[in-house]
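Everything below concerns the one structure shown next.
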DNA sequence: ACATGGATTATCCAAATGTATAACAGGGTC
DNA sequence: GACCCTGTTATACATTTGGATAATCCATGT
């Protein structure tokens, strides 16, 4: 009966922490916060439950860190879309919009993860700050792209347009992530480009068929 | 020590069921699914925990019924907006859009409730069906309003436009519900009308200042 | 080699949770 | 006013949860 103690490897602090964070995100994305128990997280990360409290003060602490990493990752993904694209304002805007409406941004797990954190964001002041910063960063980036277009627009108009385009992108992202089978592969990106163009009075459709997401898979 | 048994009233089945359902929705909206324990639900509804299983086969059964009532209520609210409005297609569309972007549809509790159910919807086939039906009902209603506009548009274009406008409304609804203080009172409704108009090539702004939500509080 | 520190596991504990069942009592019926 | 049905409460129970602590054993330095 005296079963041997489970074999294990000592890993660096970074490896263990990121493994626990990833496990937490995956579980929340799949089954909501209720599925992210310390035991489930530990099992997913390949360790035992006690280790969580060795790296994090509490389970809530781990959840908070996991959310912060999620938001930081999404904002980073947003600005990444602008790399390797030309300097023309409309082309840059089109790249930004299209990238937000295609995988891997469009993803059922991401929206599940985001939804799972909704309440914690509304009740935890630190998380609320993280959320608002990330949200405004994204919208400001969008507004900057819009402002660079060759048009005449005052500040109030730019703000309204940024809110509208941001809302459109968010809504399409939501629908595409929840009901992926309800849309053709690039349908949402095309619709997004056409609609953003209509809202702003420019034509973004010439950039619709630009390397959807292929060729950009280095490594 | 033999404290007297708690006084109570016998209520009709409808009263008790709706009280339990409302309590469940409120708790999920406020604190997520994890906050909706049988004891918390019972306390909120003014009864004791055991009564839940007198009216519902299980807690999951109660959660499911509460979600179904939520979705049915939202679709009903959508069609209600069309009552008491003229027969002009653009006016009806404007009323529909504006109603979706003002209280009480814009509401932090509603988005919290919706988010709280996300995972259950993705894992429970019955709930997934309820969700998809409600979603498509809303989008189809929108598409019908768009199709009634005096324009020339084929089926594919109508579909794309309905998806775009639905996404726009969803996104603005989301942002307005999460960060209500970030927008002026009717800012989102105005932006929604202008943007939907731009997407469809019509002018909905004449209907922007139509009885925001006042005068419609009978009783 | 070998001792030391700390990463990791194993075990325990109190609290909370969903469910089941028995006891009670409100309110209509005769 | 006595009686019975069932809505309602109270209690019990097995399971799961997050947290705490002690025991172990991997890896590194010397």
Study note, to complete from the structure: Copies of residue B:123 compared via label points 7 Å along Cα→Cβ give distances in nm, shortest first, of 1.9
Study note, to complete from the structure: So, in nm and shortest first, the distances from residue A:8 to its counterparts in the other copies, with label points 7 Å along Cα→Cβ, work out as 4.8
Check your understanding: What list do you get for A:74, B:71 if you sort them by fewest beta carbons within 10 Å?
Key -> A:74, B:71
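Between rounded, prolate and oblate, where does the protein assembly as shown land on the alpha carbon gyration tensor, with a ≥ b ≥ c its root eigenvalues, rounded for a/c under 1.5, else prolate if a/b exceeds b/c? Walk me through the numbers before you get to the answer.
Numbers: a/c = 2.14, a/b = 1.19, b/c = 1.80.
It is oblate, given that a/c is not under 1.5 and a/b is not larger than b/c.
Summarise the partner chain shielding of A:192-205 as one whole number: the mean count of Cβ atoms from other chains within 10 Å of each residue's Cβ. Don't jump to the answer; show the numbers that get you there.
Working: counts 3, 0, 5, 12, 4, 2, 9, 9, 2, 1, 0, 0, 0, 0.
Mean inter-chain Cβ contacts per residue within 10 Å come to 3.
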Practice item. Report the label-to-label distance for residue B:39 and residue A:35 in nanometres (one decimal), using points 7 Å from each Cα along the Cα→Cβ vector. Key: 2.7 nm
Review point. At residue A:68, label 7 Å along Cα→Cβ: distances to the other copies, nm, ascending?
Key: 4.4
Practice item. Return one number: the angle in degrees, 0 to 90 and rounded to the nearest 10, between the long axis of the Cα atoms of helix B:13-31 and the longest principal axis of the Cα atoms of chain B. Key: 70 degrees
Check your understanding: Cα axis of helix A:59-80 to longest principal axis of chain A: angle in degrees, 0 to 90, nearest 10?
Key -> 30 degrees
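Let me have the 222 nm mean residue ellipticity of chain A computed from DSSP H runs of 4+ only, each contributing -39500 (n - 2.57), with the sum over all residues rounded to the nearest 500. Don't jump to the answer; show the numbers that get you there.
Working: 9 runs with 142 residues, N = 219.
Calculated from helices alone, the mean residue ellipticity at 222 nm is -21500 deg cm²/dmol.
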Review point. Where the centroid of each part is defined by its Cα atoms, how far is the range B:185-208 from the range B:117-176 in Å?
Key: 18 Å
Exercise for review: Please give, to one decimal in nm, the separation of the simple spin-label points placed at residue A:12 and residue A:137, each 7 Å out from Cα toward the Cβ.
Suggested key: 2.4 nm
Exercise for review: Take the alpha-carbon centre of the range B:1-68, take the same for the range A:84-113, and report the distance between them in whole Å.
Suggested key: 44 Å
Check your understanding: What residue of chain A has the nearest C-beta to the axis that moves A onto B, and what is that distance in Å, given as a whole number?
Key -> A:171, 2
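Return a whole-number percent for the relative contact order of the range A:86-219, with Cα pairs under 8 Å and 6 or more residues apart as the contact set. Intermediate results must be reported in sequence, preceding the final value.
On the way: 112 pairs, mean separation 52.0, N = 134.
It comes to 39 percent, rounded to a whole number.
So what is the relative contact order for the range B:110-188, in percent, with contacts set as C-alpha pairs under 8 Å and at least six apart? Walk me through the intermediate numbers first.
On the way: 27 pairs, mean separation 22.0, N = 79.
Taking the mean separation of contacting Cα pairs over the length of the range B:110-188, I get 28 percent.
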Practice item. Let me have the relative contact order for the range A:1-56, percent, based on Cα pairs under 8 Å that are six or more residues apart. Key: 26 percent
**Study point:** GNM top mover of B:108, B:171, B:86 - chain B, alpha-carbon springs below 10 Å
**Key:** B:86
Review point. What angle do you read, to the nearest 10 degrees and between 0 and 90, between the alpha-carbon axis of helix A:187-200 and the longest principal axis of chain A?
Key: 50 degrees
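Between rounded, prolate and oblate, where does the range A:118-175 land on the alpha carbon gyration tensor, with a ≥ b ≥ c its root eigenvalues, rounded for a/c under 1.5, else prolate if a/b exceeds b/c? Walk me through the intermediate numbers first.
On the way: a/c = 3.16, a/b = 1.97, b/c = 1.61.
Since a/c reaches 1.5 and a/b is larger than b/c, the shape of the range A:118-175 is classed as prolate.
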Review point. Gaussian network model of chain B, Cα springs within a sub-10 Å range: biggest mean-square fluctuation belongs to which of B:69, B:11, B:91?
Key: B:11
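How high is the FRET efficiency from residue B:80 to residue A:4, r the C-beta distance, R0 56 Å, rounded to 0.05?
Numbers: r = 67 Å, r/R0 = 1.19.
Using R0 = 56 Å, I get an efficiency of 0.25.
Given the range A:71-219, what whole percent of its Cα pairs are spread farther than 25 Å? Walk me through the intermediate numbers first.
Details: 3124 of 11026 pairs.
That tail contains 28 percent of the Cα-Cα pairs.
Every read-out reported here was derived from the displayed coordinates using simple, explicitly stated rules and does not represent laboratory data. These figures come from a predicted structure and were not determined experimentally. Note: ideal-geometry Cβ built from the backbone for every residue, glycine included; neighbour counts use all protein chains shown.
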